Amino acid sequence: MHKEHVYLGLGSNLGESEETLHRAFDAINNIEDTRLLRKSSLYSSTPMGPQDQPDYVNAVCLIETALKPHSLLKQLQAIELAYGRERKGERWGPRTLDLDILLYGAESVATTDLIIPHSGMSQREFVLVPLFEIAPNMIMPDGKPIAQWVANCTLDGLRRLRTSN
Ligand code: ROI
């Protein structure tokens, strides 16, 4: 069975966020034909976008999966729903659990419901720093090393949580 290496971003800023992310790692590992290979520490981060919401807990993980991008997306959305995610139509509002496909092997996807590589990645320290932790030698879609992307983003507001991993 052909499997791809896929990086996922996790975020939560409602409820017991740290607990939610730990359980989400387990849920991801239980997706059919999918195995969790590596997970980052958990990080606390100030909200990007509207500031009138709680700080986030963020992390990333590396999985190996035989699922195609849209099948994987469906599984991730089911996990989000299982953790009480409500889609209120409010853009960039708070959420109990957000799971994003950041990179899917070397593939690009551009459909209305799914864009890979994830479009916000390059400016998001709460994605790049945990990604750098688990993949320090990664070459990004523009051909540059991840260290360079990290060096170009603002790191204030991001804090590694010692309780994790
Ligand atoms: N801000 C932070 N710090 N972390 C997130 O995961 C996150 N997710 C979002 C928006 C609302 C853009 N802001 C975020 O979707």
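Summary of computed values
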| read-out | value |
| --- | --- |
| Among the residues listed as A82, A66, A59, the single one being more than 16 Å from the ligand (Cβ to nearest atom) and open to solvent by less than 40 Å² (accessible area, probe 1.4 Å) | A66 |
| Verdict on P117 being open to solvent by 30 Å² or more (accessible area, probe 1.4 Å) and either closer than 22 Å to Q75 by Cα or polar (S, T, N, Q) (or both) | yes |
| One residue from L10, L72 being at pLDDT 95 or above and within 21 Å of R124 (Cα to Cα) | L10 |
| Residues of the stretch 116-133 classified as within 14 Å of the ligand (Cβ to nearest atom), outside any loop (DSSP other than H, G, I, E, B) and out of contact with any helix residue (DSSP H, G or I) (no Cβ under 8 Å at 6 or more places or on another chain), total | 3 |
| Filter result (hydrophobic (A, V, I, L, M, F, W, C) and outside any loop (DSSP other than H, G, I, E, B)) within the stretch 151-165 | A151, L158 |
| Every residue from the stretch 18-43 that is crowded, with 18+ Cβ neighbours inside 10 Å, more than 17 Å from Q77 (Cα to Cα) and of a type outside the set (A, V, I, L, M) | K39, S40, Y43 |
| Residues (among the hydroxyl-bearing types (S, T, Y) and open to solvent by 40 Å² or more (accessible area, probe 1.4 Å)) located in the stretch 44-56 | T46 |
| Selection count, the stretch 134-150, where residues are assigned to a helix (DSSP H, G or I), farther than 20 Å from S108 by Cα and away from the ligand (no atom under 16 Å from the Cβ) | 3 |
| Which listed residue, of D33, D26, D100, D52, is under 17 Å from I116 (Cβ atoms) and of a type outside the set (S, T, N, Q) | D100 |
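The values are calculated or read from the model by the stated rules, or taken from the named source; none is laboratory data. Not measured: the values here are computed from a predicted model. Neighbour counts run over all protein chains shown; Cβ positions are idealised from the backbone, glycine included. When the accessible area is computed, the model is the full protein with side chains, heavy atoms only, and any ligands, DNA or RNA have been set aside. Shrake-Rupley method; radii C 1.70, N 1.55, O 1.52, S 1.80 Å.
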